[in-house]
Every structure is written in structure tokens, then in C-alpha cells.
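J.: Please see the structure below; I have some questions.
The values are calculated or read from the model by the stated rules, or taken from the named source; none is laboratory data. Fair warning: this is a prediction, and the values are worked out from it, not measured in the lab. Ideal geometry is used to build each Cβ from the backbone, glycine not excepted, and the neighbour counts take in all protein chains shown. Calculation scope for accessible area: heavy atoms of the full protein, side chains included, ligands and nucleic acids excluded. Shrake-Rupley method; radii C 1.70, N 1.55, O 1.52, S 1.80 Å.
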Amino acid sequence: VPSLSDPSVPPSGVSCSGCGAELQCGDCGAPGFVPADKYRSLLSEGPAGLRGAVCQRCWALAHHGSALRLRLPPDEHRRVVSAALRRPPRHGRGPLLLYVLDVMELPDPVLPQLPALLGPDVPASGVLVVGNKVDLLPADCRGHLGRLRQRVAAACARAGLRGAALVDIRLVSAKTGFGMEGLVSRLQRSWKCAGDVYLLGATNSGKSTLFNTLLRSDYCKSRAPDIIDRATVSPWPGTTLNLLKFPIINPTCDRIFRRQERLKEEATKTEDQLSFEEKKHLNQLKKQGYLVGEVGRTFQQQKSSSEIDFDPDVLSYSMDEDPRDPPKKHEEREEFTHNEVKDARWCFDTPGIVKEDCVLNLLTEKEVKLVLPSHAIVPRTFILKPGMVLFLAALGRIDYLEGEKPAWFSVLASNLLPVHVTTLSNADAVYEKHTAQEFLKVPMGGEERMKEFPPLVPQDITLKGIGTTEAVADIKLSSAGWVAVTAHAEEELLLRAYTPKGTALVVREPPLLPYISSIRGARIPGTPAYRTKKPPSFVENLRTMGST
């Protein structure tokens with residue numbers, strides 16, 4: 001079998017259009033790898049050959065959802081980001097940092113690292129914090145977004161990010177578009193006081209999705225989406241390996257006016273006035289999230305291109321077949337002119353900072369896809385008496401050891417993860433029998449898988465209830481999800497919670513969604529479970545019927 005790599009061939013100097021790594025065929029374990037035969041075939045096409053190609057890893061992510069293991073330790077991630085931030089300021093202004101955090105991961109484990117990453121020698125214009133994935137969380141009461149914003153602000157303050165250094169906090173869903181038009185407007189207001197913009201954040205915070213959404217918005221030069229391929233979006237940690245960038249449009253008075261006119265016009269539409277395709281797209285987004293928005297473009301070119309995506313025939317190769325003939329229009333790939341980018345400010349995506357002590361680091365690609373929520377989370381509430389145990393897959397366990405009265409346990413996790421309730425006397429046997437089997441689902445792979453998987457380790461937790469309608473705390477089972485605990489006022493509970501050894505178990509007080517136990521149906525007779533209830537979705541920039 002011929003070797004896939006050829007160390008004698010020097011690196012290309014051309015970036016992968018999926019992850020930004022330099023394309024090379026010398027080391028199959030390093031970023032930017034393309035099999036040697038394919039690499040030579042692309043080189044033979046001349047200067048345009050490698051431009052627009054993606055590495056083997058991006059192709060595998062985009063088409064098979066699988067990530068090839070790479071040797072890129074967390075220190076290397078930090079080094080790349082740190083070096084980028086220390087570049088000389090452009091336009092006489094330091095960079096604006098757009099820090100993306102997953103609101104479900106609060107308190108964000110990477111946020112406290114931000115001051116050290118910046119250091120005293122980084123002339124930053126400030127940090128704009130974006131709380132992402134708000135679409136996945138059900139509203140537990142009116143004003144829940146205002147409370148979520150307060151939680152993000154408190155996390156920033158604890159990390160030492162306050163005052164002039166904290167430019168703003170915005171809540172968005174990069175995936176459904178909720179809050180994105182507001183974020184674009186806020187970024188455009190920062191034009192005069194900032195240079196380039198850098199997206200920072202932990203792996204799986206949705207940073208690459210945000211980059212792709214901004215690329216298709218009024219924040220980006222109008223021709224750029226036709227030229228720049230979108231970052232590979234995948235749940236596997238650390239998918240953005242080097243610096244991808246797009247040019248930011250200059251928000252002149254005329255452009256701001258035209259943009260505001262478009263937004264006003266769109267806000268007068270009702271859902272019934274949308275086209276068939278727009279309605280279809282909106283309904284898909286409503287299935288995915290509770291909060292939905294539309295990201296439009298004011299400065300679209302006349303020649304509108306369809307959404308850019310990874311096309312195996314154009315951008316890469318088949319994993320198991322010989323390279324096909326080069327595509328017909330490969331040489332016609334558009335490039336920016338010198339004048340278009342000579343004074344441009346750029347928005348850079350950066351590698352995700354790996355969360356240490358995170359359960360996702362222990363999981364396979366297939367398991368990660370089950371654990372990371374991709375659709376609106378439907379809360380699952382159970383009423384437990386002392387002596388009962390709740391399992392979240394085989395990744396978390398909560399024992400209700402002591403208390404006078406029953407308490408409510410509301411699970412917020414991927415809808416694909418099973419929840420199982422049993423008694424304390426049966427719990428160990430359930431774990432032994434069903435771990436890595438279909439019943440508990442994750443991890444998967446039977447006895448062989450469990451040989452390398454760490455055991456669950458306990459932590460005792462004491463809580464005092466504050467009333468039957470308000471949770472006292474969340475027990476966050478690393479990144480697998482969390483359980484909100486609601487108990488009678490002044491009722492003391494002794495719980496024992498378990499997560500896999502080496503992963504972080506956090507007691508979050510106050511809880512993220514304190515009234516979540518109210519989002520439930522009737523009790524299912526003969527069981528500790530309540531029927532689930534899914535609140536309706538909200539579309540932010542459409543006029544609702546009957547409003548003026």
C-alpha cells in the first residue's frame with residue numbers, strides 16, 4: 001500500500017479553506033494534511049490548484065462527521081491565539097475581541113483565562129462578550145433573557161472583566177440567527193474605535209458557526225461570501241485550527257441608512273407574507289430552537305450565489321477512490337482585488353481553546369453528537385424521594401440520600417440522552433449491567449469501551465430548599481447537562497452527585513433557569529416522571545398577527 005504522506009514535499013504556503021491550516025502532505029497527524037497523491041495532483045494544476053482545497057480532516061468533518069485525531073495540544077492552541085493578538089495594531093487601533101461563550105456552560109471555564117491570554121502587552125480595544133446558544137434554552141418565566149444576561153455579566157466580573165474593558169454583552173443564537181442583526185449593528189458602532197476583530201472562545205462554544213453567520217451578514221464585505229469558504233462546523237472540539245478571516249465592510253453613513261431601511265421593512269412583514277422557501281427555512285429553525293431570527297444582507301451583489309458549502313467534487317477528494325479529473329471551473333475561482341483589501345479590517349476566527357476537565361474530551365465523535373444538544377432542549381422533571389437515584393446516560397448520577405420530603409429534579413440535557421430513575425439499592429447493579437449498552441446509551445461500545453473509560457466519582461452536596469416553584473441550584477454534570485433541584489422551603493437535602501473521574505462537577509447557585517420545574521405536564525401515573533412540555537418558539541424580527 002503506498003504511503004499517504006511524503007515528508008520530502010515542502011508545505012504549500014496555502015491555507016485550507018475549511019480550517020485555515022497550511023496544506024501539506026508530509027505528516028498525516030498534523031493540521032492541513034492532504035494525501036500525497038492528491039496533493040501532487042492539485043499542485044500540477046498550477047497556482048489555482050490548491051486554493052480552495054480543504055484538508056483531509058475538514059473533508060472528513062463536513063462529509064462524515066468524523067474527525068481524524070490530530071496532535072495539537074491545548075498549549076499550541078493558546079500559542080497561536082496569543083501570537084495573533086500580539087500582532088502590531090492596524091489603523092492605529094488595537095483589536096476588538098469578540099469572546100463567544102456557551103450560556104449553558106456558565107460559569108464559563110475559559111473566561112478566567114482571558115486576562116492571561118491577553119497579557120499586558122496586547123493593546124486591545126476591549127472585549128465584547130457574546131452569550132451563544134440561547135435558542136436551546138426554554139423560557140422558564142418572563143424576562144429570562146435579562147436574567148441570563150445578568151448571569152453572563154456576573155461571570156465576566158468574576159473573571160476580572162469589567163469597566164471599560166467590557167465593551168458589551170449580547171445574547172444570540174449563531175445557528176438560528178436570533179440576536180445576530182443586533183450584534184452586527186453593535187459591531188458596526190465599534191468601527192471607529194477598533195482595528196481588526198478576533199473571535200475567541202472555548203471549543204464547542206459555537207464560534208465557527210458565529211463566524212459563518214457574520215460572513216453572510218452586513219458585517220462582511222458584500223463580495224466576500226462568494227470568495228471565502230466557510231469554516232468547518234462540527235461538534236468535535238478544536239475544529240478551527242488556524243486563523244480564518246473575512247474583510248469587514250466599512251459602515252459608512254449611507255450604508256447604515258440603507259441597512260436600517262431594510263431592517264424596518266422586514267419588521268413590518270408577518271409570517272404569512274414570507275415566500276414558500278422562507279417559510280420552510282423558518283419552520284426548520286423553529287424545530288431547532290426556541291428563539292429564531294433572520295440574518296439578511298443589504299449590500300448583496302447582483303450575481304447572487306447560493307450558500308457556499310463544502311462540495312466534495314470541488315473542494316476535495318473521495319476518501320476511498322482515486323482523485324477525479326479537476327472540476328471544469330476550478331481556475332475561475334474569484335479573488336479579491338488589491339484595492340478591495342489593501343486597507344481592510346479583518347474578522348479572524350481563532351482555534352477553540354480546549355476546556356480541561358470536560359467530559360467531551362473522553363468521548364468519541366459519535367458520542368459527542370449525542371451529548372451536545374442540537375435542538376431546543378425539552379426539560380424532563382422527576383419527583384424523587386430519599387433513597388432514589390437519577391442517571392443521565394452513564395455520564396452522571398445523582399443520589400437523593402437524605403431529606404424529609406420529596407424533591408423535584410429537572411434535567412436539562414440533549415434530548416437524545418436517556419434519563420433513568422432507580423433505587424439506591426439497585427443503582428450500582430444498573431450501572432454495571434447497562435453502561436456502554438443501549439439502555440444508558442453513552443458511552444457506547446460495550447465492555448471494551450469501558451476498559452478505557454474512567455469510573456464515576458462522587459461528591460456530596462447539601463442544599464436548602466427555597467420553595468416548590470423555584471430551584472435552589474443546578475448540579476452541572478460537566479458538559480453532559482445539568483439537573484435543577486427544587487425543594488420545599490427550608491428543607492435540607494443531602495445529595496451525592498457523580499461524574500467521570502477527571503471531569504468537573506459544578507454546583508451552580510443561583511441556577512440558570514430557576515423556575516424550570518414549572519415547564520412540565522401532568523404526572524405520569526405509577527412513575528416519578530412528569531409528562532414533558534415544549535414551549536412555543538419566538539421569531540424576533542417578524543410582526544406577529546394582530547400587532548400594529
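J.: Within the set of other residues whose C-beta is less than 12 Å from the C-beta of I519, count the net charge using Lys and Arg as +1 and Asp and Glu as -1. Provide the component values of the computation, followed by the final result.
T.: Working: positive: R380, R520, R531, K533, K534; negative: D140.
So the surrounding residues net to +4.
J.: Would you work out what percent of the accessible area of the range 361-539, with all protein chains in place, is carbon or sulfur (probe 1.4 Å)?
T.: Details: 4060 of 7670 Å².
Looking at the range 361-539 in its full context, I get 53 percent from C and S.
J.: While we're here: Can you send over the solvent-accessible area of F348, 1.4 Å probe, protein chains only, in Å² to the nearest 10?
T.: 10
J.: Taking 0.36 nm per residue of sequence separation and subtracting the Cα-Cα distance, how much length would be gained by fully extending the chain between F299 and C253, in nm to one decimal?
T.: On the way: separation 46, 0.36 × 46 = 16.56 nm, distance 1.36 nm.
Separation in residues times 0.36 nm, less the Cα-Cα distance, equals 15.2 nm.
J.: If you take the Cα atoms of the range 386-480, find Rg, then find the Kirkwood Rh from the mean of 1/r over all pairs, what is Rg/Rh? Numbers along the way, then the final one.
T.: Values: Rg = 14.2 Å, Rh = 14.5 Å.
Ratio of gyration radius to Kirkwood radius: 0.98.
J.: A follow-up question, please. Local charge sum around L417 (other residues, Cβ-Cβ under 15 Å, Lys/Arg +1, Asp/Glu -1)?
T.: Working: positive: K366, K369, R380, R397, K441, K476; negative: E367, E438.
Cβ neighbours under 15 Å give a net charge of +4.
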